[in-house]
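Worksheet: one structure, shown below.
Coordinate-derived values only; no laboratory data. What you see is a predicted model; the values in this text were computed from it and never measured. So basically every Cβ, Gly included, is an ideal-geometry build from the backbone, and we count neighbours across all protein chains shown.
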Amino acid sequence: MHLRLSAVLFFFFLVSPVSAAEPKRPSPLKSGAEFASADIRAMQTDDFANPGMLWVARGETLWREPAGNSGKSCASCHRDARDSMKGVAARYPAIDPGAARLVNLEGRINTCRSRQQQAEPLQYESEELLALSAYVAHQSRSMPLKVVIDMQNRRNFERGRDFYYRRLGQMNLSCAQCHERNWGRRLLNETISQGHGNAYPIYRLEWQNMGSLHRRFRSCLHGVRAEMLPAGHPDYIDLELFLAWRAQGLPIETPGVRR
Amino acid sequence: MLARVLVPREARRGEVIQIRISIRHPMETGFRYDNSGRVIPKNVINSLVCRYNGVAIFRAEMGSGIAANPQLQFYTVAQASGEFVFEWVDDAGQRGAERAVITVTG
Amino acid sequence: MPTRRRFLATLTAIAGAPLVARAALAQTDGRESLIRQVTGGAPVTAGRVKLDTPTLADNGHSVPLRVIVESPMTATDYVRSVTLLAERNPRPIVATFSLGPRAGRAEVFTRIRLADTQEVLALAQLSDGSYWSGTAKVIVTELACLDGS
C-alpha cells in the first residue's frame, strides 16, 4: 500500500506542468533597452531622433481636440496631462470600478471616450490610439512601474501568469522559456530580453511604425507559430498585469525604440 | 503632414548651426502587400527644400531607400535673423511645410 | 583516356574562362553604370568622403548614416551635392542632397533602408565639378523571430 502510494505520487510529480505556482522575477531586472544596441539606445534617448515622439506630439494635439457628441476634449476634464496623467501609466492595468473588470491604458482611454465624450472607441494600432496612449504613458516616463495585486485582480494575475508559463504554438514554447530561462542569451543576431512592457507603445524598426504591447504579443505568438489573438483580447490584458507585476520597479520609457 | 523641426532659437552671425527635421510618413516602397494580397502603392516624400530667409540652403531628392518617418540633419551658416521654411511633397502630391524662427546676433 | 580527359579539361577551361571573367565584369559593370548615372561618365576619385554607419545594422528598415565630406565650404570651394547609392537595393539611388557654400559644413545625417548586406557608396560633387567617393560595408540580417503581427 505504501509503495503504491509513492508510485502514484511519483507519477503525478512527473506529469505536473512547469511550475507557475512560484513565478520568479528576473534578477537583476533589466529593461529591453539594455539588450538593444548602442544605436537603438541613442535613438531612444534623443527625443528628436526618437520617431515615437512624433506620436507623442500627435497625442498632445489629440488631447486638446473635442471628440464625440460631448464636444469635450481630454483636456476639458483632465486639464494639463503633464500634471493629471503623471504616474497613471505606472499603475496600469487596473480594475475599472465602473465595469468591474481589468483594463489597460488603451482600454481606459476608450472607456473615457465612450462614457465621458460619447465618442467611438479607437481601434488598436490606429494612429490616434497609439498617439494618445503614447502621450499619456510618456507623462510617467522615468517613474517606476507599480501595480498592486489584491483580491480584486488576483484572478486576472493568475490567468496572466498561467498564460506566461503555457507552452504555445508549433514550436511549443512558453514566454518563460525565452524571457525567464534564457534572457541574455543569443538567438541568431539578437540577445533575448527579459520581455518587459515598460517602454510601450514603442517604435519598432521592424514595423517601421509605432505599435502597442498587444502587437508585440502577436509578434511573439507568430514567432512560435501560435495562433495570434486579436489586439485587445482579455487574455492579453491579464498577461499585461502579470508583466507589470514582473517588471515592477522598472521605469517607464515610453516611447521606446526597439529593433 | 506631421513634422518636427529643430533649429536653434539664437545664433551668432557666421556660426555653423545644425538643422534637424523629422516627418511622419510611411515612405511606402511599393513592394509591400496588404492583407488581401494587393500591392500597397509606392508613395514616398520625393523632394524637400529648406529655405532660409527665402534662399534655398538645402535640398533633398529622396526615394524609397530612405527609411520610414524620415529624418534629416544638415548644417547652415547663421547669417541674419529670420525664418526657416521647410517644404516637401510626396508621390501622391501631398505637401507638407514647417517653419522655425531664428534670432541672429552680432 | 588521359589524353581525352586532359583535352576535355582544357576545353572546359577555355570555354569557362570568359564566363567567369564576364561575371566579374558584370559586378563592376553594375556599379560602374550606377555611378555613371550620377556622374555622366566623369572620373571619380576615392577619398574626402567619409560614411559613418554601423558595421552591423539592427534592422535593414532603418540604418543610420552620416556622410561627411572634407571641404573648406567657402564661396569658391564647396560641396555641390552628395548622392547615396546602395547597389543591392531595388532602387539603388537612395538620395541626393544639394548643399552649397552656405552649408558651412558638408555633413548630412539620415536613416536609410538596406535590402541586404552591401557596400554603401557616397558620391560627392565639388564646386569645381570633380567627383569624390567613399564607401562603407554594412551587414544586414533578418530578425531572430518572424514577425507577422
Handout entry: Chain lengthening between residue A:27 and residue A:182 when straightened (0.36 nm per residue, less Cα-Cα)
Key = 54.6 nm
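Taking every DSSP beta bridge that has both residues in chain A, what percent is antiparallel when rounded to the nearest 5? List each step's numbers first, then the result.
On the way: 11 of 15 bridges.
Restricted to chain A, the bridges split so that about 75 percent are antiparallel.
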Handout entry: Within chain B, percent of DSSP bridges classed antiparallel, to nearest 5
Key = 90
Handout entry: Share antiparallel - DSSP beta bridges, segment A:124-259, percent rounded to 5
Key = 65
Problem - Residues whose placed amide H lies under 5 Å from that of residue A:101, excluding near-sequence neighbours - result: A:96
Handout entry: Cut-off 12 Å between beta-carbons: net charge of the residues surrounding residue A:232, Lys and Arg +1, Asp and Glu -1
Key = -2
Completion exercise
Gyration tensor on Cα atoms of the protein assembly as shown, a ≥ b ≥ c root eigenvalues, a/c under 1.5 rounded, else prolate if a/b beats b/c, else oblate, says oblate
Fill in the blank from the handout: Note: B:72-84 gets an average of partner chain Cβ contacts (10 Å, Cβ to Cβ) equal to 4
Fill in the blank from the handout: Going from the fewest other Cβ atoms within 10 Å to the most, one would list B:33, A:165 as B:33, A:165
Exercise for the section: Using a 10 angstrom cutoff on alpha carbons, build the Gaussian network for chain A and name the most mobile of A:71, A:98, A:160. Expected result: A:98
Practice task
Check cross-link reach from residue C:50 to the lysines: straight Cα distance under 19 Å, and skip same-chain residues fewer than eight apart.
Solution key: C:137
Completion exercise
For segment A:175-182, in residue order, the Karplus 3J(HN,Hα) values (coefficients 6.51, -1.76, 1.60; θ = phi - 60°; whole Hz; Gly and Pro = x) are 3, 4, 4, 8, 8, 9, 7, 10
Practice task
Please list the equivalent ellipsoid semi-axes of segment B:3-105, computed as the square roots of five times the alpha-carbon gyration tensor eigenvalues, in descending order and whole angstrom.
Solution key: 33, 11, 10
Practice task
Provide a whole-number value for the mean count of partner chain Cβ atoms within 10 Å of the Cβ atoms in peptide B:50-62.
Solution key: 4
Problem - Pair-distance profile P(r), taking every C-alpha pair of chain A, with 5 angstrom steps and integer % - result: 1, 6, 12, 17, 19, 16, 12, 7, 4, 3, 2, 1, 1, 0, 0, 0
Handout entry: Proximal lysines relative to residue A:146, as straight alpha-carbon distance under 21 Å, when same-chain residues fewer than 8 apart are discounted
Key = A:24, A:30, A:86
Exercise for the section: Over chain B, calculate the relative contact order: mean separation of alpha carbon pairs under 8 Å at least 6 apart, over the residue count, as a percent. Expected result: 35
Handout entry: Using a Förster distance of 22 Å, the FRET efficiency for residue B:31-residue A:170 (Cβ separation, nearest 0.05)
Key = 0.20
Problem - For C:89-98, mean number of other protein chain Cβ atoms within 10 Å - result: 6
Completion exercise
Residues whose built amide H sits under 5 Å from the amide H of residue A:257, excluding neighbours closer than 5 in sequence, are A:203
